[in-house]
Amino acid sequence: MSLMKDRDIPISSAVRALRNAGIPIIPHFYDYIEHGGTKHAAESLGLDEHAIVKTLIMEIHGTRKTFAIVLMHGDREVSTRELGRILGVKKVLPASAADVEKSTGFMPGGVSPFGTRTSLPVYAEESIFRLERIFINGGKRGFLVEINPLDLARVLKAVPVMVAVERRG
């Protein structure tokens with residue numbers, strides 16, 4: 001059952017993109033706190049942090065600087081060295097807050113891979129596709145949408161990669 005017509009769902013560009021793609025969602029709201037991350041979201045919603053998928057914008061330094069989306073389990077980090085090796089570039093860095101907003105149209109903490117301002121390549125940690133359901137940002141701080149992870153591959157053409165490392169600290 002799709003809850004897309006629920007009047008309480010914010011109509012962000014991500015929600016519009018999800019609706020246009022026919023992806024059923026279940027909305028989840030929590031009180032956003034600065035730098036709370038997926039740990040805070042998981043605790044607030046009583047979820048396994050591993051099933052919360054964070055949307056990271058990476059700066060790719062190849063022949064010129066470009067950006068890409070990396071989807072990662074909330075309890076893991078991205079090995080930028082391994083991602084650079086896979087992409088055949090020397091340097092991969094997290095994008096600045098200004099570049100995140102400019103390339104996606106979303107504020108940091110509210111970035112969704114759906115409905116971005118510009119079309120960016122999407123790479124997803126391959127083990128995300130083995131989860132039954134995932135929780136991913138719906139384009140607004142404090143708002144996650146529960147979806148089938150296979151929709152990432154279908155709609156976003158997400159390329160599976162193996163770049164996860166244990167989170168430090």
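The values are calculated or read from the model by the stated rules, or taken from the named source; none is laboratory data. No experiment lies behind these values; they were computed from the predicted model shown. Reconstructed Cβ throughout: ideal geometry from the backbone, glycine too, with neighbour counts over all protein chains shown.
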Taking interchain pairs and intrachain pairs at least six residues apart, which have beta carbon atoms under 8 angstrom, with the first residue in segment 29-42 and at positive phi and the second outside any loop (DSSP other than H, G, I, E, B) and surrounded by 14 or more Cβ atoms within 10 Å (Cβ to Cβ)? Gly37/Lys54
Return the pairs, sorted by first residue and then second, in which the second residue is surrounded by 15 or more Cβ atoms within 10 Å (Cβ to Cβ) and of a type in the set (Gly, Ala, Ser), the first residue lies in segment 71-87 and is under 17 Å from Glu166 (Cβ atoms), the beta carbons are less than 6 Å apart, and the residues are 6+ apart or on different chains. Arg76/Ala164
Does Thr66 satisfy the condition of being within 23 Å of Arg117 (Cβ to Cβ), in a strand (DSSP E or B), modelled with pLDDT of 95 or more and of a type in the set (S, T, N, Q)? no
Spot the failing condition for Ser44; the list is (1) of a type in the set (S, T, N, Q); (2) over 22 Å from Ile11 (Cα atoms); (3) part of a loop (DSSP other than H, G, I, E, B), and only one is missed. (3)
Scanning segment 10-34 residue by residue, the ones that are under 24 Å from Ser103 (Cα atoms) and either surrounded by 15 or more Cβ atoms within 10 Å (Cβ to Cβ) or at pLDDT 90 or above (or both) total 14
Hey, could you check segment 145-169 for residues that are over 25 Å from Leu45 (Cβ atoms) and among the β-branched types (Val, Ile, Thr) and say which is surrounded by the most Cβ atoms within 10 Å (Cβ to Cβ)? Val163
Considering segment 115-169 alone, what residues qualify as being basic (Lys, Arg), modelled with pLDDT of 95 or more and more than 28 Å from Ile33 (Cβ to Cβ)? Arg130
